[in-house]
Amino acid sequence: MGVTFPTDSTSSTGRTVLADALRKADPIGSRAVERETNWRRGYLAHFRRAVEAGLLEPPDAHSIALEGLQSLHREMRFRNAAGEELTLEDAMKSAGEDEFHTTTLEGKGERERELSIPYRGERLRGDTLHRQLSDWVKRGVITASCAEAVRTVHDHPEWLALEGDTVAVLGAGAEMGPMHALLRWGAEIAAVDLPRAELQKRIHETAMQGAGRVHLPSHAGRHGDWNVGANVIEELPSIAQWLDGHVGRLVLGNYCYADGATHVLVSVAGDVLGQHLVNRRPNMALAFLATPTDVFAVPTEEVEQASAAYQKRSLSKLNRTPLRVVSGGRLLQRNYPPGADPGLCDSLVPLQGPNYAFAKRIQRWRATAARDAGTTVSLNVAPATRTRSVLKNKALAAAYAGAHRFGVEVFDPATSNTLMAALLVYDLRAGEPAQEHPWQDEAHNAAHGGLWTGAYQPRSVLGLAAVLGLAGMRG
C-alpha cells in the first residue's frame with residue numbers, strides 16, 4: 001500500500017528517470033544511461049554527468065530538473081487500501097483513507113533567545129561562536145557565505161522562533177532534522193513521523209523539553225485511545241489534507257531517511273506532497289538538506305584552497321607517488337584540475353548505493369524547479385555527521401574515523417542539526433538566490449565539512465581513510 005515502484009526493479013526506475021532527465025540537455029548522456037548494464041557500479045559516472053550537463057547554462061539545469069521530476073511522477077505509482085494502482089496525480093486528487101486529527105503538545109522549557117551551537121562539549125555563543133566560524137572558514141570546513149549567514153542569524157535573535165510560520169518536519173525524529181533546535185527557539189512544528197511507540201515517545205519528550213508547540217497527526221485507535229504519527233509513504237493523501245489545514249505560512253521540510261529503496265519512496269512521497277501543497281498554498285516554502293556525498297559545482301575560492309592543500313600534501317610524510325602507482329592511479333587523485341571555475345567535487349560514495357543518490361537528487365531537482373517558479377526554497381549542504389544510520393555501517397564508520405587525516409571534519413549530530421537549523425532560519429527570513437545558476441547557488445552557505453577543499457578527490461581517499469580510521473578505532 002502507498003507509493004510504490006512500477007516494477008520490482010528499483011534500479012530500472014532510477015535509470016529510466018535519469019535517462020529522461022538528460023534527454024533534452026544531453027542526448028548522448030541519456031543514451032549512455034540507457035545502455036548501462038551494471039547500474040550498481042556504473043551509476044556514479046551518470047549522476048556526475050547529470051550535474052556536468054547542466055552547468056553551462058541555467059536553462060540546461062532547469063531542463064534536467066523538470067524532465068527528471070516529470071518522469072518520476074509518470075513512472076511511480078500509488079496503491080490504495082483497495083489494491084487499486086493509481087498515478088501519483090490521481091492519488092492526490094482522491095480523499096485520504098483516514099482523516100487525521102491534531103494532537104498539540106506545549107513545551108515546558110524556557111525559550112532560548114540567543115543563537116548558540118553545541119560543539120565538542122561546549123555551547124558556542126557570542127565571540128566564541130564568531131571565532132569558531134572564522135576557524136571553520138580558514139580550515140575550509142564551511143564556506144565564507146555560510147559563516148556570514150550564521151552571523152546574521154546571531155545578530156537577529158528575533159528571527160529564531162520563526163513567528164508566523166509552521167514548519168512541517170517530515171522525518172521529525174531524524175537526527176539531522178531541525179526540530180530540536182527550532183523548539184528550543186520557540187517555533188511552531190507540525191511533526192510527521194512513523195506511528196511507532198518508541199519514536200513517538202522520543203518526539204514527545206523533545207516537544208515537552210522545548211519552548212514551542214508541536215502538532216501531531218492523530219486518529220482514534222481500535223479501543224478509543226488516540227494514536228499519533230503517520231506513514232508518509234502509505235498515508236500521503238491524508239497527510240496532505242492534514243497539513244493543508246494549518247494556518248499561516250507552511251514550511252515543508254523533508255528530512256526523511258530510510259535504508260535502500262525505501263529512501264527513494266519517502267523522497268518521492270515528500271516531493272508529491274510538496275508539489276501538491278505549493279499548488280494550493282503559493283506562499284509556502286520548501287526545505288531540504290543536501291548530502292555532502294553528492295556532486296556539486298564548487299566556487300573558485302574552495303578550488304583554490306584545495307589546490308593549496310594539494311601542493312602542501314606533496315611535501316608531507318604521505319608519499320603519494322608510490323600509492324598512486326600501486327593503485328593504478330585510483331588513489332590520491334587531485335580534487336580539481338588547476339584553475340577549474342567552477343570546480344566539480346564528486347563525493348558520491350559507492351557504499352551508499354544508487355538508491356541513496358537517486359533519493360537525494362530528487363530533492364535537488366525539486367529545489368531547482370521550485371526556485372525557478374518563485375517558491376521560497378531552503379537547500380543547504382550539510383556536513384558529514386556521525387548519525388546512527390552512518391555508524392551502523394562499519395565501513396563508513398571507519399572512513400569517518402579516519403576522515404580528519406584528509407582535512408575532513410565529521411560533526412556530531414547536535415552540532416550539525418543546530419547549524420543547519422540556523423541556516424534554515426536565515427533562508428526563511430533573509431535568504432535570496434545568490435547565483436543565477438541554480439547549481440552554483442547550491443554552493444552558497446554550504447557546510448561541506450572539508451570535502452570541497454581537500455587536496456584529494458574524496459572517493460580516491462575513502463579506502464585509505466577507512467583503513468586509518470579502523471586502525472585508530474582499534475588503538
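Rounded to the nearest 5, what % of the DSSP beta bridges within segment 104-258 are antiparallel ones?
Restricted to segment 104-258, the bridges split so that about 40 percent are antiparallel.
Listing 276, 73 from the residue with the fewest other Cβ atoms within 10 Å to the one with the most, what is the order?
Starting with the residue having the fewest Cβ neighbours, the order is 73, 276.
With a 10 Å Cβ neighbour count serving as the proxy for reagent exposure, in which order, fewest first, do 420, 92 appear?
Least crowded to most crowded, the residues run 92, 420.
Kindly write out, for segment 428-442 in residue order, the coupling ³J(HN,Hα) from the Karplus curve 6.51 cos²θ - 1.76 cosθ + 1.60 (θ = phi - 60°), rounded to whole Hz, with x marking Gly and Pro.
Each residue's phi maps through the Karplus curve to give 7, 10, 9, x, 7, x, 9, 10, 5, 7, x, 7, 7, 5, 4 Hz.
Can you give the Kirkwood hydrodynamic radius of segment 2-96 from its Cα pairs, in Å with one decimal?
It is 14.3 Å.
Convert 25 °C to kelvin, take the viscosity as 0.890 mPa s, use the Kirkwood radius over C-alpha pairs of segment 357-415 as Rh, and evaluate the Stokes-Einstein diffusion coefficient in µm²/s, rounded to a whole number.
It diffuses with D of about 180 µm²/s by this estimate.
Hey, how many Å between the Cα centroid of segment 64-90 and the Cα centroid of segment 256-293?
First find each Cα centre; the distance between them is then 14 Å.
Which whole-Hz couplings ³J(HN,Hα) result when phi for each residue of segment 81-92 is put into the Karplus expression 6.51 cos²θ - 1.76 cosθ + 1.60, θ = phi - 60°, listed in order with x for Gly and Pro?
5, 7, x, 6, 9, 10, 5, 4, 5, 5, 4, 6
Can you give me the relative contact order of segment 2-96 as a percent, contacts being Cα pairs under 8 Å and 6 or more apart?
Dividing the mean separation by the residue count of segment 2-96 yields 34 percent.
Mind checking segment 94-138 for GluC sites (Glu not before Pro) that DSSP puts in a loop (not H, G, I, E or B) and that have at most 16 other Cβ atoms within 10 Å?
97, 99, 110, 114
Quick check: residue separation of residue 312 and residue 209 times 0.36 nm, minus the Cα distance between them. What number comes out in nm?
32.3 nm
So who's got an amide H within less than 5 Å of the one on residue 124, skipping anything under 5 residues away but keeping other chains? H placed 1.01 Å off N, in plane.
Distant-sequence amide H within range of residue 124: 117, 119.
Please list, in chain and number order, the residues 5+ apart from residue 79 or on another chain whose amide H is under 5 Å from its amide H, with Hs placed from the backbone.
2, 3, 4, 86
Could you work out the relative contact order of the chain, using alpha carbon pairs under 8 angstrom and six or more residues apart, expressed as a whole percent?
20 percent
DSSP beta bridges in the chain, what fraction antiparallel, as a percent rounded to 5?
50 percent
In the chain, with Lys and Arg counted as +1 and Asp and Glu as -1 at Cβ, which of these residues, 72, 284, 454, has the Cα nearest the positive end of the dipole, that is, farthest along it?
Positive-most Cα among the choices belongs to 454.
For segment 348-475, what relative contact order do you get, as a whole percent, if you take Cα pairs closer than 8 Å and at least 6 residues apart?
37 percent
Report the label-to-label distance for residue 199 and residue 474 in nanometres (one decimal), using points 7 Å from each Cα along the Cα→Cβ vector.
The modelled label-to-label distance comes out at 3.7 nm.
Would you kindly state how much longer the chain becomes between residue 244 and residue 73 on full extension, computed as 0.36 nm times their sequence separation minus their alpha carbon distance, in nm to one decimal?
59.4 nm
Rounded to whole Hz and in sequence order, give me ³J(HN,Hα) for segment 36-47 from the Karplus expression 6.51 cos²θ - 1.76 cosθ + 1.60, θ = phi - 60°, writing x for Gly and Pro.
Taking θ as phi minus 60°, the curve returns 5, 9, 10, 5, 4, 9, x, 4, 4, 5, 6, 5 Hz for segment 36-47.
Collect residues whose amide H, placed 1.01 Å from N in the peptide plane, falls under 5 Å from the amide H of residue 251; neighbours closer than 5 in sequence don't count.
Amide H to amide H, under 5 Å and 5 or more residues apart or across chains, residue 251 pairs with 166, 167, 168, 285.
Could you tell me the center-to-center distance, by alpha carbons, between segment 446-475 and segment 184-253 in angstrom?
Segment 446-475 and segment 184-253 have Cα centres spaced 37 Å from each other.
Using Cβ counts within 10 Å as a stand-in for footprinting exposure, how do 184, 313, 41, 125 rank, fewest first?
With the fewest neighbours first, 184, 313, 41, 125 line up as 41, 125, 313, 184.
No lab work stands behind these numbers, since they all come straight from the coordinates. This one's a predicted model, so the numbers in the text were calculated from it and none came from an experiment. Cβ atoms come from the backbone with ideal geometry, glycine included; neighbour counts cover every protein chain shown.
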